[in-house]
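Visitor: Right, I'll just put the structure down here and ask away after.
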Amino acid sequence: MTTIDKLLTPVRVGDFTLANRVFMAPLTRSRASQPGDVPSALNARYYAQRATAGLIVTEATQISRQGQGYAWTPGIYSDAQEAGWKAVVDGVHAAGGAVSLQLWHVGRISNRLLQEDGQAPVAPSALRAVNSKSFVVQPDGTAGNAPTDTPRALETAELPGIVADYAAAARRAVRAGFDFVEIHAANGYLLHQFLATGVNQRTDQYGGTLENRARLLLEVVDALVAEIGAARVGVRLSPNFVAHDIEDAESEAAAIYLAQQFSRRKLAYLHIAEPDWVGGPALTTEFRTALRQAFTGALVFCGNYTAEKAEALIAAGTADAVAFGRPYIANPDLVKRFAQGAALNTPDPSTFYGGAEQGYTDYPALAD
């Protein structure tokens, strides 16, 4: 068996020294309590079970009602949501862990049933995401997937309000005790939509050139740095992502440009969601090396990693940490299993989204 010494060593991220380099990736589980999309005691138990991760990145959490694209996902824009997240954070910290809240606005990946007063979702341009779904509750109470609705293009004058929503969410996150926040600029959601050449057809200062398409994300970054400090801010990008009808002719160039901009701002970490898990091309060694050279903070990769593959990437100096998604669904004690070379539980896809304890908090640890 390959030794995984480096994966289990501490790592400096921002102003924190984290216990190891095994991070928990953000995983949508659709189990926020209703009404109000509020984190509950069940969610707190789930995250506390996984607190031996070097860093937990929470499920994507909408910054506003407008930012929601799936039923039963948690928010961070109400007092009740903030209080719910505080209980989650307190549980993780009591178990010795660290946690980052992923901030989310889905943009056009939404449906009128999720929007206030049945309004259209918003996006950089009025282009519907073809073959994309939202998860909604119908008026008769049944839940299921529904096609995304055609969005309306955001007016230039509305964009400062979006930035302010991110800043308010970060302020609530730090009040709730989170160690970091992670800006979700990946996977075809709003900030990624602004970046992508095939989705952003704007003619104002937020469209056209790469610098213009990156403007909104960098305005969000700058607002969060001003609000909570650069050492608490991370960003997630997904270069070469292919789902949610995303097309971007400058995807890798955008990632390098942004990595350089994040370095100038001294952000804590950059989290790269690799594209091959949704059928995109694998990232090349050359691109990874260019990212490493461009970004001076902690660089994190995520996507179908084994402990051995993660160890090799860290040993090569390419990554500072690796995030694991589905392995963390079924293995709350993933770090211990890696350390002992133990077998992993297999996750049950039928319980990924929605439900209660089954497939969420009932996976056995080694001690069981």
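The values are calculated or read from the model by the stated rules, or taken from the named source; none is laboratory data. Here the structure is a predicted model, which means the values were calculated and not measured. Glycine also receives a Cβ, built like all others from the backbone with ideal geometry; neighbour counts cover every protein chain displayed.
Visitor: Based on this model, can you work out whether SER134 counts as in contact (Cβ under 8 Å) with a residue 24 or more places away in the chain, touching a strand residue (DSSP E or B) at 6+ places or on another chain (Cβ under 6 Å), closer than 30 Å to ALA19 by Cβ and among the small types (Gly, Ala, Ser)?
Guide: no
Visitor: Of all residues in segment 335-365, how many are outside any helix (DSSP H, G or I) and in contact with a Gly (Cβ under 6 Å, 6 or more places away or on another chain)?
Guide: Here the count works out to 1.
Visitor: Residues in segment 141-153 that are touching a Ser or Thr at 6+ places or on another chain (Cβ under 9 Å) and either assigned to a loop (DSSP other than H, G, I, E, B) or without any contact (Cβ under 8 Å) to a residue 12 or more places away in the chain (or both): how many?
Guide: Selection size over segment 141-153: 3.
Visitor: Given the conditions (1) at pLDDT 95 or above; (2) among the charged types (D, E, K, R); (3) not in a helix (DSSP H, G or I), which single one is not true for ASP368?
Guide: (1)
Visitor: Still on this structure: Somewhere in segment 116-131, is a residue part of a loop (DSSP other than H, G, I, E, B), touching a helix residue (DSSP H, G or I) at 6+ places or on another chain (Cβ under 7 Å), closer than 19 Å to GLN193 by Cα and β-branched (Val, Ile, Thr)?
Guide: No; the residues of segment 116-131 include none that is part of a loop (DSSP other than H, G, I, E, B), touching a helix residue (DSSP H, G or I) at 6+ places or on another chain (Cβ under 7 Å), closer than 19 Å to GLN193 by Cα and β-branched (Val, Ile, Thr).
Visitor: Among the residues of segment 78-90, are any of a type in the set (A, V, I, L, M, F, W, C), in contact with a Pro (Cβ under 6 Å, 6 or more places away or on another chain), more than 22 Å from LEU195 (Cα to Cα) and crowded, with 17+ Cβ neighbours inside 10 Å? Working first, answer last.
Guide: First pass over segment 78-90, keeping only residues of a type in the set (A, V, I, L, M, F, W, C): 80, 83, 85, 87-89.
Okay, now just the ones that are also in contact with a Pro (Cβ under 6 Å, 6 or more places away or on another chain), so 85, 88.
Filter once more, so that each one left must be more than 22 Å from LEU195 (Cα to Cα): 85, 88.
Checking the rest, the ones that are also crowded, with 17+ Cβ neighbours inside 10 Å come to 85, 88.
Yes, segment 78-90 contains at least one residue that is of a type in the set (A, V, I, L, M, F, W, C), in contact with a Pro (Cβ under 6 Å, 6 or more places away or on another chain), more than 22 Å from LEU195 (Cα to Cα) and crowded, with 17+ Cβ neighbours inside 10 Å.
Visitor: Still on this structure, please answer the following. If you check ALA316 against the conditions, is it crowded, with 18+ Cβ neighbours inside 10 Å and either at pLDDT 95 or above or touching a helix residue (DSSP H, G or I) at 6+ places or on another chain (Cβ under 8 Å) (or both)?
Guide: no
Visitor: Having 3 or more residues that are not charged (D, E, K, R) is the bar; report the strands (runs of 3 or more DSSP E) wholly within segment 1-111 that clear it.
Guide: Fully inside segment 1-111 and qualifying: 16-18, 22-24, 55-57, 99-104.
Visitor: Let me ask something else. Do any residues in segment 324-351 that are surrounded by fewer than 19 Cβ atoms within 10 Å (Cβ to Cβ) have Cβ atoms under 6 Å from those of residues that are aromatic (Phe, Trp, Tyr), where the two are at least six apart or on different chains, and which pairs are they?
Guide: ALA330/TYR363; ASN345/TYR363
Visitor: Which condition number in (1) part of a helix (DSSP H, G or I); (2) at pLDDT 95 or above is the one that PRO332 fails?
Guide: (1)
Visitor: If a residue has to be of a type in the set (Phe, Trp, Tyr) and either surrounded by fewer than 19 Cβ atoms within 10 Å (Cβ to Cβ) or assigned to a strand (DSSP E or B) (or both) to count, how many in segment 224-265 make the cut?
Guide: Number satisfying all stated conditions: 1.
Visitor: If you don't mind, there's one more thing I want to ask. Contact list please: Cβ distance under 9 Å, first residue in segment 182-196 and on the phi > 0 side of the Ramachandran plot, second residue of a type in the set (S, T, N, Q) and crowded, with 24+ Cβ neighbours inside 10 Å, pairs at least six apart or on different chains.
Guide: Cβ pairs passing all conditions: ASN187/SER238; GLY188/SER238.
Visitor: Could you list, in sequence order, the residues of segment 234-255 that are free of Cβ contacts under 8 Å to residues at least 60 places away in the same chain and over 26 Å from ALA146 (Cβ atoms)?
Guide: Across segment 234-255, the qualifying residues are VAL235, LEU237, PRO239, ASN240, ALA249, GLU250, SER251, GLU252, ALA253, ALA254, ALA255.
Visitor: Here's a follow-up. Checking the condition among the polar types (S, T, N, Q), surrounded by fewer than 16 Cβ atoms within 10 Å (Cβ to Cβ) and under 24 Å from ARG29 (Cα atoms), which residue from ASN187, ASN131 passes?
Guide: Going through ASN187, ASN131 in turn, just one is among the polar types (S, T, N, Q), surrounded by fewer than 16 Cβ atoms within 10 Å (Cβ to Cβ) and under 24 Å from ARG29 (Cα atoms): ASN131.
Visitor: What's the total number of residues in segment 200-218 that are assigned to a loop (DSSP other than H, G, I, E, B) and either of a type in the set (Ser, Thr, Tyr) or closer than 23 Å to GLY234 by Cβ (or both)?
Guide: Total meeting the criteria: 4.
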